[in-house]
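Scroll down for the structure; my scribbles are underneath it.
The values are calculated or read from the model by the stated rules, or taken from the named source; none is laboratory data. Here the structure is a predicted model, which means the values were calculated and not measured. Virtual Cβ from ideal backbone geometry, glycine too; neighbours counted across all protein chains shown. Only protein heavy atoms, including side chains, enter the accessible area calculation; ligands, DNA and RNA are left aside. Shrake-Rupley method; radii C 1.70, N 1.55, O 1.52, S 1.80 Å.
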Amino acid sequence: MTVEAQYDKFISGLNQTMNNVDSDLLVKIMYLERKLPDIAPKVELNIKYKSHVDTERKKEIIRSKLGFPNQTTNHGVNVVGRMDTNMVEKFSQDPDVQYITGSATPSSY
């Protein structure tokens, strides 16, 4: 099996595990978690909710329960903070979430 085929299989597995999260984002977070294990990466999530969802309410829940700075957008909430893949998975388990994408960078010490 070639390296690219193994990677494709890995990405396919991620997509099956968390089908509403951008697999490239997950790979980037996991890379940073392993490369810099002392501190969680700085992650900026764009959480897109289903059309019937009150995003202002979701924003308040995220801020009060999880403590992440965030802001509403036209279709969702942007969340910023230090987080690992477990936290992203927690966000993805909300049945109102349609899709999560974003970016991850090393956190400063």
How much accessible area per residue does region 33-109 have, in Å², with a 1.4 Å probe? 62 Å²
Sort out for me the Cα centre separation of region 1-71 from region 75-98, rounded to whole Å. 6 Å
Please calculate the 1.4 Å probe accessible area of Val3, with all protein chains present, and give it to the nearest 10 Å². 110 Å²
So for the chain, using the alpha carbon gyration tensor with a ≥ b ≥ c as root eigenvalues (a/c under 1.5 gives rounded; past that, a/b versus b/c decides prolate or oblate), I'd call it oblate
Tell me, what % of the accessible area of the chain is carbon and sulfur with a 1.4 angstrom probe? 49 percent
For the chain, what number of Lys pairs, 8 or more residues apart or on separate chains, have alpha-carbon atoms under 28 Å from each other? 29
Under 10 Å from the Cβ of Leu32, count the other residues' Cβ atoms, weight Lys and Arg +1, Asp and Glu -1, and hand me the total. +2
Between Val80 and Tyr99, what length comes free when the chain is fully extended (0.36 nm per residue of separation minus the Cα-Cα distance, one decimal in nm)? 5.2 nm
Calculate, in nm to one decimal, what Thr72 and Lys35 gain on full extension: separation in residues at 0.36 nm each, minus their alpha carbon distance. 10.2 nm
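Pairs of alpha-carbon atoms within less than 8 angstrom and 6+ residues apart define the contacts here; what relative contact order does the chain have, in percent? Kindly include the intermediate steps, with their values, before the conclusion.
Values: 159 pairs, mean separation 41.3, N = 109.
Relative contact order, the chain: 38 percent.
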